[in-house]
């Protein structure tokens, strides 16, 4: 994981994140929000002795009020019908600014930095990208590592 | 954002909301033509009528002409530059209301367009005196759509089970005749559901009664609010009975409002129900501000001269040169280094300047210009404003460098344009390429000594619009 | 929470007709309008610019047509299934559709002797000489020289050979056609494609012809004198005079004289010194919002474009196109309905401003009397427009580029009731008067 040496830029990225944090908390009623800054933050309690090396970029971990659409579980969810709603999964939110350019390599690095639920398991395959623009709009995209089944209209 | 938020003076009591007058029998839309009569936050001067053959009248007018009453407009509003949100924030409630009503400036930082966060939050917490907001209405519509899809999926699954069961029984035959399989999903279910929803719409026909009465305009949902929206008529934007809104209704059920969506008739506001509601008033700090983009802020500050901008709530107003420097710097992310910004050696190829020129161009022609980020364009153009009609035009600002010698134009690929026109045709918008031909640094050199000043700089950008439309051979033969 | 979903790949296209549902089109409940495309009825999609012919079809309708002998009802378009559902029913439907397509393709194409048309390809002249013209195609193709001999352009030749309407021979330096060599379709491509101006141009030509249009090259693109005289005015009359792009000051609406006078006068009088950041709207008494807006307008000098590089030949009008009409006369077709410029994604990107202006400069403006008057329509149609046929390795996307001129339409900013100064009556946008041109100049 590449660390960003420029403290000014880190401050900018933290600013960006604070915009997204407010937006998630106050406009979209997300809960359990944690700010992730280091590798140890991301890994949480899963792995002992996590590194305090900075993340590629500051991220947010949190719980949406309703389960976000998940292509991998879409099929099973739709067939359960009116079962009681399970607690929404926690999501990783990755703030970016609308004027930024990203390469595939950069995205791959973001995904590679995601934690594994437990030792030996596969890492998470998706993030929520939060695109911030100057009029205060935050547009959210689910980004998945690899190809997933499209959503039925 | 907390580090720059002035918490102290931002608290707004819900008491500011006018209480609910007696319900009239016919719900009405707010009179937007009155609420939004002024296109800019500048008061007009209403002079006595000019009587051409009366010399006194003529003199009076000549006097006014030469010595206009300066008080007609002043820097009436104060905004705070925020490096965090990269914008200018307005927190004074009166300024927020004025700027929204007179020209639709800015956007509620926690809302889709008009700042409604406080109202939403109050309703969520059970306040009974606040009207439904457009966000709630959108939510309802989406929930209904979700339900409809769920129902459709269920029907499809059932049909599929039937087909499979039949085939398992060995009845694989071509029982269905020549043209293949029978209907898997029952279209009728979908149609019925849809009619039901339309019926709901008709019943409450654009009623935003409570919000109209509180004097808090709630705009109809514009397409800008919802990529999925297919409504073309603003009047058709659904508004559903307040009682049917999810959370507040649930919370107030104990007190007697029990209209369910399946009983739309009872949902039309019943005055009787009113009396059984225990009024509940809640005081809450407003965490939302009106956020002006740099383009909007500069138009208000420089072109209209009605906005002063500070770097903090207690700081003194910044000068226009300082504001311009800030905006030039923060025009990209990460912000440009301080040292790279020079006003005397102005670099015309700055994203703020280019976007501002385009913004100013359309604003000065009378359009209401809003961000087009949700439609992958730079600006949306509204005639009169978003509460009146959907944006017809979606503008892409394309910088052009025909005067920059030796500079090759970095044009986008065709597929980029195709995807944008496709997205916008789905929401019935016309994509407009606004080419902004950028002058060279040489072209604008010495601008601060010219009579026209900054205006002269802007005049050196050339603008040319090209409207795009997908052309389908099969549909243009007449 | 909004989630904008990017489709990572498109739905598996298993297309099967569901004839008992096509007339409702309600599968997508919020797309209500029926639409028609390429003669195939039935609607799933409301968006006016969505072309269903882009999508894979259920070819079983072909079998239905074959059974009925070609006539009868127009086949209805089916609906996509989302994914394989594991039923035999679906599999059978898919197989049926595929077989119907193969069957249609495998049908033998025959020609009757009395309609047989022959021509000889003359490589030196890059035209084909028709031996005897027969059939309706010649109403809008080919051109007769002074001796009455009909000549075909290479694209016309290939198109007719592709359709099976013409048999082509190679000119072997002899006037006796009996000694000429018959050409296969491949041979015709090999001989004539380059002379059409390239594969992309031919693809667009054939696509438009098949859709029913009459298509001729822009006269400037003709290489043979015979075809250069088109019998109608095709160039913008003042194109060479630099109309539209000359050093002209954009003009603004009524009342600008006062605004200009006032701003110059007031600023000089009151402020004394010069402030480059002077607010555009000086404090004062404004009686209408029109007055205020007039001061916000920035008179913009239209700059002359550098002509050094000249026009980009990749962005030029390729074809003049006429809608199908029964009384079309190739000798006097009248002005075309559309101007089409063929560009390839291989060697172009979106046009730059210079390229767009170069392209527009080739096209005459729409007669002012015939222009749209409603605001949105006028802006969408523009003063003139050109259809770009963007060819991406065989896939053609047509896009109309219109010269919009927003600056010629000032929106009304005063409420209809406050017509104090007689300005701002009604809500209709007003045209900018040409008569005020001099006032805008400083």
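None of the figures in this text is laboratory data; all of them are computed from the coordinates on show. The model shown is predicted, which means the values in this text are computed figures rather than measured ones. Here Cβ is always computed from backbone atoms with ideal geometry, including for glycine, and neighbour counts include all displayed protein chains.
What distance in nm separates the two pseudo spin-label positions at residue B:149 and residue B:37, each 7 Å out from Cα along the beta-carbon direction?
Here the modelled spin labels are 4.4 nm apart.
Based only on other Cβ atoms within 10 Å, what is the fewest-to-most ordering of C:332, B:339, B:402, B:376?
B:339, C:332, B:376, B:402
Across peptide C:394-406, how many C-beta atoms of other chains are within 10 Å of each residue C-beta, on average?
6
Neighbour counts of other C-beta atoms within 10 Å: give me C:122, C:131 arranged from fewest to most.
Lowest to highest Cβ neighbour count: C:122, C:131.
Enter the mean number of other protein chain beta carbons within 10 Å of the beta carbon of each residue in B:150-162, as an integer.
Details: counts 3, 0, 4, 4, 4, 0, 4, 4, 0, 1, 5, 0, 0.
Per residue, the average neighbour count from other chains is 2.
Give me the percent relative contact order of segment B:341-475, please, defined on Cα pairs under 8 angstrom at least 6 residues apart.
After rounding, I find 25 percent.
With r defined as the distance between the Cβ atoms of residue B:449 and residue C:396 and R0 fixed at 51 Å, what FRET efficiency is calculated, to the nearest 0.05?
Working: r = 54 Å, r/R0 = 1.05.
Working from the Cβ atoms, E equals 0.40.
Kindly state, as a whole number, the per residue volume in cubic angstrom of the convex hull around the alpha carbon atoms of segment B:341-475.
134 Å³
Using Cβ contacts closer than 10 Å as the measure, can you line up C:346, B:152, C:405 from fewest to most? Please list the in-between numbers first.
On the way: C:346 11, B:152 20, C:405 17.
In order of increasing Cβ crowding within 10 Å: C:346, C:405, B:152.
From the Cα gyration tensor of segment C:113-196, with a ≥ b ≥ c the square roots of its eigenvalues, which class applies: rounded if a/c is under 1.5, or else prolate if a/b is larger than b/c, or else oblate?
rounded
Grab the Cα-Cα distance for residue C:111 and residue C:146, subtract it from 0.36 nm times how many residues apart they are, and report the gain in nm with one decimal.
Difference between extended and current length: 9.5 nm.
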